[in-house]
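Data block below; observations after.
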């Protein structure tokens, strides 16, 4: 009981203090926001990276580190300019003049932009692989200087030079550039366009839904303001953290996406509870304090659930996952803090002006909402479900199980550049390379050999490896490049072109054979350590890390969620049921993703792109994000159910009360998320389509089928068993969301 009292005091008194001294609180937040803006302007750009980096000691990472330390310095990106002509061949002087002019223009960019010693063409090198069979196409190849971030900053200048030449020789030659940095540039630009499109679609829809749910324009604007505040604070924190640990460039996008979702949700529930208490006649500050003691505490516990779920992403040894996890955690914490302090202060300032500009026909009903009054859509729906709980569970459970089934045929991987829009020059150049040359010339497999390179056994092993590669049954490997040996003679690099897209099945199978068969056989009797790196090997390692991490992340998230719900509701049944229902919602989303994207079912109807693979990061990403967000709704719903059950002891009436109180809010909040997430699925990148569609679908299933049907049906069947806690768990703290309601003081509404 002592723990319960302490918890009651914390959120209630914080809300009351904020409401009593609103301008002080607002002033503090203005200072915080100003500091975050300064952090963002000063540190964000240098704290973000374009790199994809493993944080463990994988074979790929060790191999790259060895090459950078002992042979080539920072790993540059391979780029290639593709020349095509139907008018000339490489034997014509006009062709040579065009190629050498562009080569000179690229060289003029200097050693800070490209590594001049790597720049070459057919005329300077005489290599046959630089010319197509019909001699109408040729390549200019080079490596960008510096590391990946440096290359990403400089690739624009190279692209501009190439496009200038393309315009100058228009009608005679088709000149395009592709490569790791070029494709990366297009990927970033497309991602940004898709995310901005999603935001521009989601925010107006969110405002419309808020106006409908809350019934007043002024009230609807408050959650949007809170979401923006949370986003600004989280980006500022990320900028500060980026000075110690480089975060992925996409962290700002995930902060915006999750910030809009949780910032609006948390504020929506607190604002609604305040209006509910105010409508009962409670004095303004008391109503704010009661909202803080109830909805505010629910925000804290649901936010903790989300944060703990997101910690699972920090367990994955890859900087993208860690950055996404940190960014989402920062914005959830910011939204929680704002909902507990800034929101009560704003309510204290606005008072009943919160209800200004009411919506005709629905405004008054939403402002004067009374949860204890029976009737209405949600009350009728839940009573219909509770009247036939077995049928309701069989129908909805059967539907979700049917949707889960396709998941078992999931094929994860990278969609690759082949799924990019056809009008991208980098894709067009890539397709030309694939058709007339080998893209593997740009992204070869890199075999790092550590040992006494000059010794006879190692030399024999190298030659044997070349023989095995030449005899590959699929003919996947090109002519190995010259062996590069470190100054000390203890490390060597053998680069071997591999045909196909670096994320495609053909190249992945080829590099797997190289690593597991050819290398093992060639160097079996040598005192060497071999590391296979390169872009395809990197992709293989990423797939492996994603799959292996699931065995750590899933149990962690499930275990933490179970423990938190156990403490919050002091029931062993409710956490188990919540986890099962959430898993069904997430599993259904997985299944529909496979059905729509992988199998192409209704993909055209939804305006989505069919893909043979589901992006390998999608399952882990969706699981952690969705499990946290869906637990949000579960906590809010069960808190209101528990409130009424503690007062009445009647499970059925408590369930009806909970659905009646939260059905409108949860559905509205879910629709806001669905609109925002589905906005991202309207983009051109298949990965973002899968992410947005999957997130939106799972939230929709969770807020409708799970929360409105399966939860009340299952709780009706379980009755008092919902609240069962074994005797050996009596030590669990007696935490409650809902304190005893104070007696309401009826006062006239403010003008």
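The values are calculated or read from the model by the stated rules, or taken from the named source; none is laboratory data. Owing to the predicted nature of the structure, the values given are computational and were not obtained by experimental measurement. With ideal geometry, Cβ positions are generated from the backbone for all residues, glycine too; neighbour counts draw on all protein chains shown.
Could you give me the residue pairs with C-beta distances under 8 Å whose first residue belongs to the stretch 385-408 and is at negative phi, whose second residue is in a loop (DSSP other than H, G, I, E, B) wherever it lies, and which are 6+ apart or on separate chains? Going by the 8 Å Cβ cut-off, the qualifying pairs are 406/599.
Would you mind stating whether residue 615 is within 24 Å of residue 512 (Cα to Cα) and crowded, with 22+ Cβ neighbours inside 10 Å? Yes; evaluated as a whole, the condition is true for this residue. Of the residues making up the stretch 81-118, those that are in contact with a strand residue (DSSP E or B) (Cβ under 9 Å, 6 or more places away or on another chain) and closer than 21 Å to residue 149 by Cβ are 106, 113, 114, 115, 116, 118. Based on what the data block shows, is residue 142 buried (at least 21 other Cβ atoms within 10 Å of the Cβ), touching a residue at least 40 places away in the same chain (Cβ under 8 Å) and touching a helix residue (DSSP H, G or I) at 6+ places or on another chain (Cβ under 8 Å)? It is true that residue 142 is buried (at least 21 other Cβ atoms within 10 Å of the Cβ), touching a residue at least 40 places away in the same chain (Cβ under 8 Å) and touching a helix residue (DSSP H, G or I) at 6+ places or on another chain (Cβ under 8 Å).
Test residue 376 against the stated conditions and say whether it is modelled with pLDDT of 90 or more and either at positive phi or under 35 Å from the mean Cα position of the chain (by Cα) (or both). So residue 376 does not fit the description; no.
Selection of the stretch 17-44 for residues being within 25 Å of the chain's Cα centre (by Cα) and either exposed (fewer than 15 other Cβ atoms within 10 Å of the Cβ) or not assigned by TED's automatic domain parsing to the domain that holds residue 320 (or both) yields only 41.
For the stretch 16-68, the tally of residues that are more than 30 Å from residue 287 (Cβ to Cβ), outside any helix (DSSP H, G or I) and modelled with pLDDT of 90 or more stands at 0.
Rundown of residues vs (1) in a helix (DSSP H, G or I); (2) without any contact (Cβ under 8 Å) to a residue 24 or more places away in the chain, yes/no style:
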site	(1), (2)
566	yes, no
575	yes, yes
581	yes, no
587	yes, no
591	yes, no
596	yes, no
600	no, yes
619	yes, no
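Looking at the stretch 84-105 only, could you name the residues that are free of Cβ contacts under 8 Å to residues at least 40 places away in the same chain and in a loop (DSSP other than H, G, I, E, B)? Correct list: 92 only.
Under 34 Å from the mean Cα position of the chain (by Cα), within 30 Å of residue 419 (Cα to Cα), modelled with pLDDT of 80 or more and assigned to a helix (DSSP H, G or I): does that describe residue 694?
Numbers: under 34 Å from the mean Cα position of the chain (by Cα): yes; within 30 Å of residue 419 (Cα to Cα): yes; modelled with pLDDT of 80 or more: yes; assigned to a helix (DSSP H, G or I): yes.
When the stated conditions are applied, residue 694 passes them.
In this structure, residue 519 does satisfy being more than 27 Å from residue 426 (Cα to Cα), modelled with pLDDT of 90 or more and touching a strand residue (DSSP E or B) at 6+ places or on another chain (Cβ under 7 Å).
Evaluate the following for residue 92: is it under 26 Å from residue 115 (Cα atoms), modelled with pLDDT of 90 or more and more than 27 Å from the chain's Cα centre (by Cα)?
Numbers: under 26 Å from residue 115 (Cα atoms): no; modelled with pLDDT of 90 or more: yes; more than 27 Å from the chain's Cα centre (by Cα): yes.
No: the conditions fail for residue 92.
Any residue at all in the stretch 45-54 that's touching a helix residue (DSSP H, G or I) at 6+ places or on another chain (Cβ under 8 Å), surrounded by 14 or more Cβ atoms within 10 Å (Cβ to Cβ) and over 30 Å from residue 315 (Cβ atoms)?
Of the stretch 45-54, the ones touching a helix residue (DSSP H, G or I) at 6+ places or on another chain (Cβ under 8 Å) are 47-54.
Retained after the next criterion (residues that are surrounded by 14 or more Cβ atoms within 10 Å (Cβ to Cβ)): 47-54.
Okay, now just the ones that are also over 30 Å from residue 315 (Cβ atoms), so none.
No, every residue in the stretch 45-54 fails to be touching a helix residue (DSSP H, G or I) at 6+ places or on another chain (Cβ under 8 Å), surrounded by 14 or more Cβ atoms within 10 Å (Cβ to Cβ) and over 30 Å from residue 315 (Cβ atoms).
Residue check: is residue 679 assigned to a helix (DSSP H, G or I), at pLDDT below 85 and in contact with a strand residue (DSSP E or B) (Cβ under 7 Å, 6 or more places away or on another chain)? In short, no. Checked against the criterion of being assigned to a helix (DSSP H, G or I), closer than 17 Å to residue 694 by Cβ and modelled with pLDDT of 85 or more, the stretch 638-656 contains not a single residue that satisfies it. The residues of the stretch 689-721 that are surrounded by fewer than 22 Cβ atoms within 10 Å (Cβ to Cβ) and under 30 Å from residue 413 (Cα atoms) amount to a single one, 700.
Of all the residues in the stretch 516-557, those that are out of contact with any helix residue (DSSP H, G or I) (no Cβ under 7 Å at 6 or more places or on another chain) and more than 20 Å from residue 616 (Cα to Cα) number 6. Within the span defined as the stretch 155-172, every residue fails to be part of a strand (DSSP E or B), crowded, with 20+ Cβ neighbours inside 10 Å and modelled with pLDDT of 90 or more.
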